[in-house]
Structure formats: C-alpha cells, structure tokens
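Step one of this worksheet: look at the structure below.
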Amino acid sequence: MEKIVIVIIEDQREVLEAIARDLATFEDTFMIEECDSADEAGELMETLDSEGDYVALIISDHIMPGKSGVDFLIEMNEDPRFESTKKILLTGLATHQDTINAINNAAIDRYIEKPWNQTNLINYVKELITDYILKKGIDYTPYVHHLNQTTLLNKLRNNP
Amino acid sequence: MGSQSDLKKVLKIVAILLVPILIALLPTSWMPLENLTTTEHRVIALFVMAALFWILEPIPIYATSILIIVLELVVLSDKGIVWLKGEGDDFGILMSYKEIMATMASPIILLFLGGFFLAMAATKYRLDQNLARVLLSPFGNKPQWVMMGLMLITAIFSMFMSNTATTAMMLSLLVPVLASFESGSKIRTAFALSIPMAANIGGIGTPIGTPPNALALKYLNGSDYISFGQWMSFGVPFVLVALIISWVLILFFYPMKNIEINLSIKGKFLKTPKALIVYATFILTVLLWLTDFIHGMNSYVVAMIPVAVFLSFNIITKEDIKKISWDVLWLVSGGIALGLALDKTGLAAHIINAIPFGELSAYLVIALASFVAALMANFMSNTATANLLLPLIAALGTSMPALQDLGGSKVIILGVALSASLGLALPISTPPNALAHATGEIETKDMAKLGVIMCFIGLGLVFLLLTILKLVNFV
Amino acid sequence: MDKSWFQKSRDVGWLKSKYFNDDAKRIYLKKGEVLLRPNSYNDKLYLICKGVLKGYIEDEHGELFEIFNSSNDMFVGVYSFFSSEHKSYSTVVAAEDTVLGYIDHSQAAVASPDFAQHFLPVVVNEIYLRQLLAGQMSLERQAAMKKLAETEKMSTLGQLAAGIAHELNNAIGVVHRNTELLAQSLKEYFELKEPGLFSFFTKSLERGQRHSSSFIRERRKEIEQKYKLSARIAKQLAKANVENEQIEQLLKSGLHEFKPIQFLIDTGVSLHDMNVASTQAAHVVKSVRELGNTQKITLVETDINETIREALSLTKNMLLGIKLSIVTEVEGKLLANPGDLVQVWVNLIKNACESLKHEKTQQPEIEIKTWEENKTYNVCITDNGPGISADLLPRIFQPNVTTKVDGLSFGLGLGLSILKKIVESYQGAVSVSSQPGRTSFIVQLPKKI
C-alpha cells in the first residue's frame, strides 16, 4: 500500500531530531523521513516517487550547507510530480529576499520561525495533510484521527 | 462594458433562436416537403437550432447538446408536454423518453468513458511520459528525426488518449527545449506545428481516438458493424501515411539546419503494484479490443473492463472521476439524440427521398459530403460537425441506390467521419491547434498554410482509402 | 616706485644683513628655555639664526598643543611685535639650543617709513602660514570627530553585545549545568533500575545520534526487509543503532521489550543534544563577550589536542559524510584560554566543511595534523576542496572578507580576521596556502608565552 510521507530537511542533527520527535505523534499513520541536506532529500523524493508513495508535506530549513531550503522547495514546486505536495519553510535565518522568493517561487504553504511551538507545528501539519489528502482524492477515513476536522469539514462541504 | 457585452450576448442568442422558432411556428404545410408530419416539423426546427448553436456557439457546445436532449424530451417524447401531443398520421411519431435518455449512456459514450479511464490511469502513473521517453530514444538528436519520433509518439498516444491531453503533454515536454533555440527561428515553428498535426491525424487511428469515429460506429450497425481491430487495420495505415506526408511538408516549408536537439525526458517506469496493474490492464484492454473475433465481446463491452479494474484497485479515485471530461461525453450524447430524432420521426428518410440524390453520381455525393465535413470541421468542433452530418449521411447511405455499388452507407459514413478529423487549418479548428498556437511559436498563417494543404491531401487519402477498402471488399 | 626694496625684502639674507646685523642684539637659549609666555609683553621681532623654536597654546586644562615649529631664518614674534598691544599669544620654547637675532622699537630703523615696507612680505607670509594651519586643523578635527563617532558606535555595540552575552551566559549556564546534573541523576537512577539496559542510556548520552539520516534510512530498509517489520519499528531500531543479533533477540522475547530500550536511548540522545547545544551556545556567548573584552581573563594550562577534540565535537554535524584523519604528534600544553583555541579550530573546520559541501567535492576529506617545531606548536587543517581564489587569498584575513555565500549557519562564524587576532594575542601566527584540491591553514602557537 502506498504510504503518506512527511519529509523533514534540516542540517543540524539535533534540530532534526527535535522536529522529528515533535511530530512523532503522526508516526503511527504517516511515514516521517529525515534528511540532513536538500540533496539527500532530492534523492529521497525520487525514491519515494518511484515507489508510488505520496509525499504530502516537506518541512525544510533554509540555510544549509549545499543547496538552500528555498532553492530546493522551488525545485519541488516546479516538478509536476510534486505539484500538490505541501511545503513548510522552518527557519531562523531567512532574509527578506529569501522569504519573498519562498512565497513567490516555491509557493510555500506555511512559514514558521525558529524556535517553533510544537502545538502550532502539529496543527499546521494536520491542516496541510488534510488538504493534500482531499486534493489527491485519497480516501481520508483511515487517517481521520490525524486530520484537521475544520479543514476536513469545510473541504467536504464544498466538494463532497 | 460588462453589461454591454452581456447585452450583445443575449441579443445574439435571441437572434439565433428566432430562426428555429420561426420555422417551428410556420404552418407545416408551408414547408417545402410533402406530407410532413408535425413531429418531423419540430425536428427540422430543432436541427436548425442545433446547427446554428454549434456553428455560432452562443452557448457552449456541450450545453447545446443537453439542450437538444431536453427539448426532445419536452416536445418530441411520449412523456412530453401533454398539449403538444397529437394523434394520427399528420402528427407523426413521438419518441420513447427512455430512448432519448439512453443516449447519455449509449454504448458509444461508455466506449469513450473506457478510453478516458485508460488515458487517465496512464497519465497518472506516467505511462505516457515514460513511453514517450523510451520511444523517443531511438530517434537520436537530428531535428528531423526527433520530429518524426515526436509525431509518431503523439499520433500513437492520441489514438488512445484525447488529442488535447496528448498535445498538452507533448508540448509541455517540447516547449522548454524549443526555448534554447533562437526566438522566431523556423525550427521552433516547425516543432510547434508538428505536434497538433500529429495529434489531430492520430485520432483517426482507433474508434476511441476522437469522438467522430465513435459516432460513426453508432451508425454502423448490423452488417455494417466494424470492430475495433478492423478500424485500426485501416485507421493506423491511414495515420502513418498522412503523418509521413505532413512530416515531409513541414520539413519542406521549414528546412532544418545542421543542429542538434536534445529532448531529455526525466523519470523511470513506476514499478509499484498499482502501476503494474495499470500497464497490464492497458495491454489487456487493447488486446481484447483487437481479438473480439475470438472471445466475442465487442468494443463497448471491453471498454467497461478497465473502468471496473481501475476503480476496484483505487487507481482512479473519487477525485479523479470528477476530472473526467463529461462535456465531451455529453457533446456526443447530444449528437446521438439528434440523430435519433431524425431517424425515429422518419424525417431523415423523408428529406433524403425528397432530394433527387438518385440522379447524382455516387462519387460526387461522397466527395461533396466529405468536403463539407472537412470544411465545417475547420471552423467548428469536429464532434459537432459529425453530430450534424452523420445522421443525415447515414440516412442518405441507406436510401441512395447508386451508393450501394460503392459500398453503401458504410463508405460514406467512414468518409464523413474521417473527414471530420481534417479540421487542421486554424487555431480554432481543434483544441490541439489552439494549444499549439498559444505557445506563441506559430502564426495563424503558418498553421493555415500547412493545414489547408494537409486538409486536401487528407481528403485525397480518404478517397484513396475508400477505394482500397472497396477493392478488398471490406465495404 | 623703487621696486628693489620689494625684491630685497623677500630675501631673508638682505633683511638679516640690514636689520639683524647687530651682534649685541643676540639671545642665546638653551634647549627647553621659554622665550615668550602668553600675554607677556614683547616688543621684539626675532629671527632664528640657528636652532628650533616651538609655539604652544594652552587649553583650559593646562594641556599644551603645538601650533608652530620654526627653524633657521624664520621669524618669531611677528604678531606681538606689529600689534599695538605687544602681547604674545602663545608659549614659545626652544626645542634645541637656539641663537636668535632681534630688533626692537627702540631702534631708529624701526621708526623709518621703509621699515614697514620691508617687512610687509614677512607679515603676509605669517598670515598665510596661520591661515594654512587653521585650515589644516579644521580638517583634522573633522576627521577626528568622525573617527570618534565610529569608535563610540562600535564600542557601544560591543558593550551592548557584552551585556547581552553576560545575561545569556547566566541563563545558558543554568541550562548547561542542569543538563549535566539531570544526566547524572538519570544515570544513577537507570543504573539501579535497569542494570541490563543501562548501557543503552550511557552510550546514547555519550554519542548522541551519530549516524547520518541517509545511513539510518538505509539501515531501516535493511531491517524492514530482513525481519519483515513495519517501517516505524524498523526506523526506531535503526535510530537506536540496534545490531542484528540484538534485533533477533528482541524478536524472540517480544518487541515490547524494545520499548524501554527506546525510551532509554531517546532520553540519552535528548540529553546529549541538550548538552551539545548548550555547550555551543555557551561558546558563542563566550566569544561574543571576549569580543567586547580584549584582555585575557584567565590563562590556564590547556591541552591543544583536547581543544581540537572539543572543536570536532562541536562541528560533528558538519563533518558527517566527510572523511576525517587526525594526526597528533604532540602532547602540546600551553597557557591559554581554551575557549579561544576551540573557537579558532571551529572556525577553520567550519570553513573547510563549507568549502567542501558548497562545491560538492567528491570524496571530501579533512586532515588535522599537529606537530612541534622550534618550541612552537603547529596545527594544520587541510581540506581537499576547490580552494580559495587567487585574488581573495591575500585578503583572506582582512575584516569584511568572506567566502560565505549566504548568511551564517549555526555556530561560531566569526570570520578569519578575528581568528587571526586571537592567534596573534598568543604571539602566534596563522598562514594559508591554497590550490584546488588542497587548502591548508597552519596555526603556530609558541610553547611559552
């Protein structure tokens, strides 16, 4: 069966661990993949895609050695295969220009500043995954306990 | 400005409606046909309305189709408005409402639905793109051969997928590559022209390639029945010949310099269980279509198999079903309903009998009908063209003795159906043309020059094909 | 008009012979002797025959500022001689033994109408010189003001930074200390409670999560396939670095036994990460404090190799995927502030990593070598990255020069100019050599300071 995957990209190992730990609640239903560079994430995306998995969400840091998070997200945004994938930029160090770039060219769905708040992060993840599942036409019933009920009901009302 | 253009639109609709209403209100005896019944009279008005609406498009063409079906239900069916019903020979025959409604789920429609499911699953699991990648690789990077490869692939895909979807996919692969050439250079125009041309022509190859083909099947009943495989046995060679001619023409008009073109398509074949099911189902369906003489299931029955498979395995989801081009299906339904009305009320036979076709040469009739079909298709939707012409032509085929020697209604129906795919000249002729024109690489005159020439060559090929079919006693 | 007087009067020699030829009118000054004081009466015009006189004015605090410096054949006392008050405005002191000739108002020549004419050029020259001096002084003053403002700004910023750093230092100290305390208490607790699984805690507390995410992914897939476990469990086992044999044992005894192991590992890794993060934060804070505070606080006996190890642990994360070889030939100890040295190494390692990763060097390597030579410790950090461009190389230790593309990353990116300052504060030196595939920074620190 295809998995629904959340990809986290963060070069700082401790921070990566911390994000993953904060999202561990999702792990019983969704697959959480951790990457310490955008390049690694790029390869992972290829693998996931070829296995037919759904990459529902990418949570990326911005400033990392190698490819920056915004550049990576722009790449993903321009790839028709990951057109519906939701994107969160989670960063403490993004310039004004980076942010503009992220919004205009990477079409990020959320911008979260470090340090983040776990409750907010979980809520955003829920909302975005709900959105993704409905948009993709995946049967939402097995995931319903991890979905944002308001988003779910609103979307279903408009598009049952 | 908005209100003014709205007003214009309303006026246009009213003006267009005026004609059929006027025809409907005239006393039946004024009609230039003897012994016309009331229902036949109503069908004439309806046909005129359909023709005007489809040609001038005051409302979307699929809306016109639904309008036809509803009007038939209201004024021409046994469950229509009670005051509009009558008795006796003068009044004529009312149609069964069930029959009219059944046009929306006619076997033709379901054949197309099956085709949509196949195409959708192929696109979703990137079979199309991956096939394109594999098929294109032997063509190297000399531009003329790459173009040949692209045209072949486009034609093959458009035999099973909608011409529009195929064009969109191929252009999306091509446009970024073209950007590397000097703007306005001939190579860009040539490549942008080749795709819609191949897609339009490719549609001729199978019954599900384009709606006119399927509509033609509708009128080929009983002894005239053509199986999927039979259609392909003449359709595919026709496509190949037309394709090669258009390729030569494009190269003649836009000679390629010694350059290289590198079309790199990313990706690899998906190997997930679902993807494998899609591949297998695709192959199985096509095989079943081609081997009906062994298993006895006709094309329509086979078409339902992929629908069931894809839905069972959740390959086509609820969300995907919503994306099916219902407009295309309903456009065809309207045409079938119109044909039904012409046939059931007896109007078609009545008109054909009234016109002294018998004195005309059968060759001339076929040539004229095909030419009219091609001409109309250049200015309006190919499907609408077939919707309007095929019912009349079908009646003509059965009632014209001279035609029998040439193969009867089969030959003229095929002639018109194939010609309806020769709308190649203008951006408005077909959606693939419109898409290619929208890339900005092509000017209308480029398209018209090639399109008009190809249209006449195409007509010539249609006549050649019909002659050969006659020679091998197919028709 | 007779023009000759004009030309003659511009010739000091002529004036000298005409007016200052009286040997009786000579003054001999010893070095440091004062000729004139402000507001003292002066009706003499002096010509320096030999020696140097300096003029000073005094500000309200009694501080002296030099305003002129006159030597042979120059006139002194022009203003007081020609003015009506005959008062000197400055202090004039002999800068060395000086011989002066003078004239005064008692002389008959002074009364003659020619006198004023003959001395007009001298007066004009005097005015010109003063004008020039005033202009120069005003320019200097402006430049000085500007510099002062700049310095003040920087020092304010420095003070501000030091203030913030001080506050943060206290906070981070509490976090750091308590993390250690917590780790220690838990260690003792687990030792009592879970003696069998205790090592999982201590191991993860020491090492943290040392595998790269791609390694864990691969290991996860391996476990998934080999033992037919769910991705979730497999990932936890991979992260916990559980060996195959241990997995087999777990599978026999039931996977629920993995739960406490995982808990111990998670706790250990968390504490390790907190420790690393607070250590790093403390270092950052410390280096900021030291920026605002140039004197060395305490110098202790420091092991160079230890500081290198510390730097490596701080940069562990960047070093993932880079082959590291360390050759330590010395047991080098010197008096230093260990934080300074760590900061130097971190900077150099970080630069090397960034250069390797930014250019995606194939098979990236970093080599750290220490050796002793002529009572000097040498530390050489070499990477096989693309190198530093030739135009940048000579300027690399200047302030405001950066090879970085984009902002700072987590760490101590203080730049090479500060690094150089730190090394020089130990009377050391830092040098660089670079060519594609081999860039070396060598830090030399004298053994005794």
query = Hey, what's chain B come to in accessible area per residue, 1.4 Å probe, Å²?
reply = 43 Å²
Fraction in percent of alpha-carbon pairs per bin - 10 Å, the stretch B:25-171 = 10, 25, 22, 16, 14, 10, 4, 0
Members of A:3/B:124; C:187/C:252; A:136/C:221; A:87/C:221 lying beyond 20 Å, as alpha-carbon distances in this model show = C:187/C:252; A:136/C:221; A:87/C:221
request  = Kindly provide the Kirkwood hydrodynamic radius of the protein assembly as shown in Å, to one decimal, from all pairs of distinct alpha carbon atoms.
outcome  = 38.6 Å
request  = Filter the GluC sites (Glu not before Pro) in the stretch C:208-273 down to the DSSP loop ones having no more than 13 other Cβ atoms within 10 Å, then list what survives.
outcome  = C:243
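About the Cα centre of chain B, what is the dipole size in debye to 20, counting +1 per Lys and Arg Cβ and -1 per Asp and Glu Cβ, all else neutral?
1620 debye
Going by a ≥ b ≥ c, the root eigenvalues of the Cα gyration tensor, does the stretch B:227-267 fall in the rounded group (a/c under 1.5), the prolate group (a/b larger than b/c) or the oblate group?
Note, shape of the stretch B:227-267 comes out oblate.
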request  = Using a 10 Å cut-off on Cβ to Cβ distances, tally the other chain neighbours for every residue of A:35-41 and report the average as a whole number.
outcome  = 4
request  = Inverting the mean 1/r over all pairs of different Cα atoms, compute the Kirkwood radius of the stretch C:157-292 and quote it in Å.
outcome  = 16.9 Å
ask   = Any idea which of B:174, B:310, C:77 is furthest toward the positive side of the dipole for the protein assembly as shown, if Lys and Arg beta-carbons carry +1 and Asp and Glu beta-carbons -1?
value = B:174
ask   = Ignoring ligands, DNA and RNA, what percent of the 1.4 Å accessible area of the stretch C:4-111 is carbon and sulfur?
value = 49 percent
ask   = Reachable aspartates and glutamates from residue C:350, Cα under 18 Å, same-chain residues fewer than 8 places away excluded?
value = A:10, A:11, A:14, A:36, C:306, C:310, C:340, C:359, C:365, C:367, C:383, C:406
task = Would you mind giving the average projected area, over all directions, of the Cα convex hull of chain A in nm² with one decimal?
result = 9.0 nm²
task = Mind grabbing the interface size between A and C? I mean buried accessible area, both sides, 1.4 Å probe, in Å² to the nearest hundred.
result = 2300 Å²
key: Of B:364, B:56, B:108, farthest towards positive along the dipole that unit charges on Lys, Arg, Asp, Glu beta carbons give the protein assembly as shown   = B:364
key: For chain A, built as a Gaussian network whose Cα springs stay under 10 Å, the top-fluctuating residue of A:66, A:42, A:92   = A:66
key: Solvent-free Debye scattering, log10 I(q)/I(0), computed from the Cα coordinates of the stretch C:210-262 at q = 0.17, 0.19, 0.29 Å⁻¹   = -0.44, -0.55, -1.25
Cα-Cα over 32 Å, subset of B:322/C:239; B:186/B:470; C:239/C:420; B:9/B:445 = B:322/C:239; B:186/B:470; C:239/C:420
remark   = From the Cα centre of the stretch A:83-160 to that of the stretch C:156-225, the distance in Å is 31 Å
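Beyond 23 Å, what share of the Cα-Cα pairs of the stretch C:1-153 remains, rounded to the nearest whole percent?
Here the long-distance tail beyond 23 Å is 43 percent of all Cα pairs in the stretch C:1-153.
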task = Determine the principal axes of the Cα atoms in the stretch B:167-215, then give the extent along each, sorted from largest to smallest and rounded to whole angstroms.
result = 43, 17, 11
message = Between residue A:120 and residue A:105, what is the label-point separation in nm under the 7 Å Cα-to-beta-carbon projection?
response = 2.6 nm
Per-q log10 I(q)/I(0), chain B, q = 0.09, 0.10 Å⁻¹ (Debye; single scatterer per alpha-carbon; no solvent) = -0.63, -0.78
R0 of 22 Å, Cβ-Cβ distance residue B:244-residue B:449: FRET efficiency to nearest 0.05 = 0.75
message = Less than 27 Å apart at the alpha-carbon level, and either on another chain or at least 8 residues along: which lysines does that give for residue B:79?
response = B:98, B:218, B:344
inquiry  = Could you compute how much accessible surface residue C:147 exposes when probed at 1.4 Å, giving the result in Å² to the nearest 10?
reply    = 150 Å²
ask   = Taking every DSSP beta bridge that has both residues in the protein assembly as shown, what percent is antiparallel when rounded to the nearest 5?
value = 65 percent
key: Paramagnetic reach from residue C:359 in the stretch C:427-449 [backbone N under 20 Å; point 7 Å along Cα→Cβ]   = C:431-442
ask   = For chain C, modelled as a Gaussian network with Cα springs under 10 Å, which listed residue fluctuates most, C:383, C:391, C:11?
value = C:11
inquiry  = Given a 1.4 Å probe and heavy atoms of the protein chains only, how would you sort A:82, B:456, largest accessible area at the top?
reply    = B:456, A:82
ask   = From the residues C:178, C:39, B:342, which one has its Cα farthest along the dipole of the protein assembly as shown in the positive direction, the dipole being from +1 and -1 charges on Cβ of Lys/Arg and Asp/Glu about the Cα centre?
value = B:342
request  = Compute the relative contact order of chain C as a whole-number percentage, counting only Cα pairs closer than 8 Å that sit 6 or more residues apart in sequence.
outcome  = 10 percent
task = Select from A:76, A:45, A:64 the residue whose mean-square fluctuation is largest in a Gaussian network model of chain A (Cα-Cα springs shorter than 10 Å).
result = A:64
key: Cβ-derived FRET efficiency at R0 56 Å, residue B:93 paired with residue B:262, nearest 0.05   = 0.30
inquiry  = Loop only by DSSP, 11 or fewer other Cβ within 10 Å of the Cβ. Give me the trypsin sites (Lys or Arg not before Pro) in the stretch B:172-267 that pass, ordered by residue number.
reply    = B:257, B:266
Helix-derived mean residue ellipticity, 222 nm - over chain C, DSSP H n ≥ 4, -39500 (n - 2.57), to 500 = -17000 deg cm²/dmol
note = Listed by chain and number, the residues whose amide H is under 5 Å from that of residue A:32, excluding neighbours fewer than 5 places away on the same chain and using placed H, are A:6
task = List the pair-distance distribution P(r) of chain C, using every Cα-Cα distance, as the percent of pairs falling in each 20 Å bin from 0 up to the bin containing the longest distance, rounded to whole percents.
result = 18, 30, 20, 17, 10, 4, 0
inquiry  = Given points 7 Å out from each Cα along the Cα-Cβ axis, report the residue C:330 to residue B:363 separation in nanometres with one decimal.
reply    = 10.7 nm
message = Just to be sure I understand the model, the point goes 7 Å from the Cα along the line to the Cβ. What's the resulting residue C:117 to residue C:167 distance in nm?
response = 8.0 nm
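Hey, what did chain B get for relative contact order, percent, Cα under 8 Å, at least 6 apart?
Normalised by residue count, the contact order of chain B is 20 percent.
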note = Taking R0 as 60 Å and r as the Cβ-Cβ distance between residue C:259 and residue B:185, the FRET efficiency 1/(1 + (r/R0)^6), rounded to the nearest 0.05, comes to 0.35
note = Of B:21, C:381, ordered by accessible area with the largest first and a 1.4 Å probe, the sequence is B:21, C:381
ask   = Hey, which aspartates and glutamates would be in cross-link range of residue C:31, C-alpha to C-alpha under 17 Å, not counting anything within fewer than 8 residues on its own chain?
value = C:66, C:96, C:97
ask   = Kirkwood Rh, Cα Rg: Rg to Rh for the stretch B:107-326?
value = 0.99
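The values are calculated or read from the model by the stated rules, or taken from the named source; none is laboratory data. These numbers come from a predicted model, not from an experiment. Positions of Cβ are backbone-derived with ideal geometry, glycine not excepted, and every protein chain shown enters the neighbour counts. Side chains are part of the model used for accessible areas, which takes the heavy atoms of the whole protein and leaves out ligands, DNA and RNA. Shrake-Rupley method; radii C 1.70, N 1.55, O 1.52, S 1.80 Å.
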